[in-house]
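In what follows, a single structure is set out as C-alpha cells and then discussed.
The values are calculated or read from the model by the stated rules, or taken from the named source; none is laboratory data. What you see is a predicted model; the values in this text were computed from it and never measured. Cβ placement follows ideal geometry from the backbone for every residue including glycine, while neighbour counts extend to all protein chains displayed. Ligands, DNA and RNA are excluded from the accessible area calculation, which covers all protein heavy atoms including side chains. Shrake-Rupley method; radii C 1.70, N 1.55, O 1.52, S 1.80 Å.
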Amino acid sequence: MSMSAREPLTKEGLLYHIHLKPGDVPRYILLPGDPGRVPLIARFWDESRLVAEHRGFVTYVGRYRGVSLAATSTGIGGPSTAIVLEELLRAGADTFIRVGTTGALQNYIKLGDLIISSAAVRLDGTSKIYVDPEYPAVASYDVLLALVEAAETLGVRYHVGITASNDSFYVGQGRPGYRGYLPDRWRGIERKLGELNVLNFEMEASTIFTLSSIYGARAGTLCAAIANRVTDEFDPGAGLVDLVRVANEAVRILYEWDSLRESRKKKYLSMRLLLEAARESGERGP
Ligand code: URA
C-alpha cells in the first residue's frame, strides 16, 4: 500500500521521524539537543515514561509538580530541529523550551551560568528556507519571563540577552576546521558578535524561534554555558543540573500563568494580572 509523500507517516500512522501521533504529547515540551539528556530531564518529574525513540529522537511524557509535559531531543542544528518542531506541532504541542548548552561570548559569563535568549541572530541555514532573513527570531515574552522567574526562584546565576545560532559548531562559530580551515566570513565571528553584545553561540534557537513565530506557537531558550570563547575555557558538564531544574520549573510557572490568564479570559499575560492575583491570594491568606 502506498502512502502520502506530502505528509509522511509510518505504516502504523505515526509521524515519520519522531514516531508519535496527534494527541501523544501535551502542550509544553522541553527540547534538549542530546537524546541522553531527555531521561535526565525526566528524572526530576513526579512520573515519566518513554513514549518514542527513533533515529535519535527520544520522547518522554510525564508530570512535573502536577503539570503534564514532555521532552523530545532535537539532535544538533537547524535541520533536525525543524523536523522535530514540525512533527511535535502536528502531535499537539504549542509551547517549546530549548534546554541546551552553549558557548559564552562575554568574559563576565562564567562556565555553568545559564543564558536565557531574548532573540537569536539567524546565522543558521534552516530558518532561511522558511522565511527571509529580515524576519526576526524572537522568544515569546511569557516563556522568557517564566524562565527568568524560575531562575530567580531557584537562585541560580543567569543572563538574559541575544544569542547567535549557527548550523556549524566549528567553522561557523569561528573555530578552526580540520587543518586550520577557516574562511574569512567566519574568522573572528565570536569576537565580532561579542562586540555587538551578543551573549552566546549555540545551534538551534534561531530555528525554534523562527518556526514558532511563523506557526503561532510559543518558544523560549535556556542554555548552560559549557564554554567561554573569550577566556577559552571548556567544561562539558558545567551547569547541567541547574539547566534542567530551571527548565522544569519554568514549565510549572508558565502553566500557572496560562491557567490564570485563561480563567480571567485574558489573551495576554501582564504585570497587572500577576499583581492582582498575588494581592487576591494575600487577602485570602495562606
Ligand atoms: N554549543 C555550541 O554550539 N557552541 C559551544 O561553544 C558550546 C556548545
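Quick rundown of the values:
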item: Long-range neighbours under 9 Å by Cβ, at least six apart or interchain, first residue open to solvent by 10 Å² or more (accessible area, probe 1.4 Å) and of a type in the set (Phe, Trp, Tyr) within region 210-230, second within 16 Å of the ligand (Cβ to nearest atom) and part of a loop (DSSP other than H, G, I, E, B); result: none
item: Lone qualifier among Leu199, Leu193 - being of a type in the set (A, V, I, L, M, F, W, C), touching a residue at least 24 places away in the same chain (Cβ under 8 Å) and touching a Ser or Thr at 6+ places or on another chain (Cβ under 7 Å); result: Leu199
item: Flag for Leu260 being open to solvent by 40 Å² or more (accessible area, probe 1.4 Å), without any contact (Cβ under 8 Å) to a residue 24 or more places away in the chain and of a type outside the set (Gly, Ala, Ser); result: no
item: Residue that is farthest from Asn200 (Cα to Cα), among those in region 148-174 that are out of contact with any helix residue (DSSP H, G or I) (no Cβ under 7 Å at 6 or more places or on another chain) and part of a loop (DSSP other than H, G, I, E, B); result: Gly155
item: Leading residue by the ranking (nearest to the ligand (Cβ to nearest atom)) among those in region 189-231 that are of a type outside the set (A, V, I, L, M, F, W, C) and within 15 Å of Val160 (Cα to Cα); result: Glu202
item: Count of residues meeting criterion [more than 10 Å from the ligand (Cβ to nearest atom) and either of a type in the set (Lys, Arg) or touching a Phe, Trp or Tyr at 6+ places or on another chain (Cβ under 6 Å) (or both)] in region 170-186; result: 4
item: Every pair of residues 6+ apart whose Cβ atoms lie under 7 Å, when the first sits in region 41-59 and is within 17 Å of Ala93 (Cα to Cα) and at pLDDT 95 or above while the second is surrounded by 15 or more Cβ atoms within 10 Å (Cβ to Cβ) and of a type in the set (D, E, K, R); result: Val51/Asp24
item: Close pairs (9 angstrom Cβ cut-off, 6 or more residues apart or separate chains): without any contact (Cβ under 8 Å) to a residue 12 or more places away in the chain in region 156-184, away from the ligand (no atom under 16 Å from the Cβ) and not hydroxyl-bearing (Ser, Thr, Tyr) anywhere; result: Gly177/Pro183
item: Residues being of a type outside the set (A, V, I, L, M, F, W, C), open to solvent by 30 Å² or more (accessible area, probe 1.4 Å), in contact (Cβ under 8 Å) with a residue 60 or more places away in the chain and away from the ligand (no atom under 11 Å from the Cβ) - total across region 101-125; result: 2
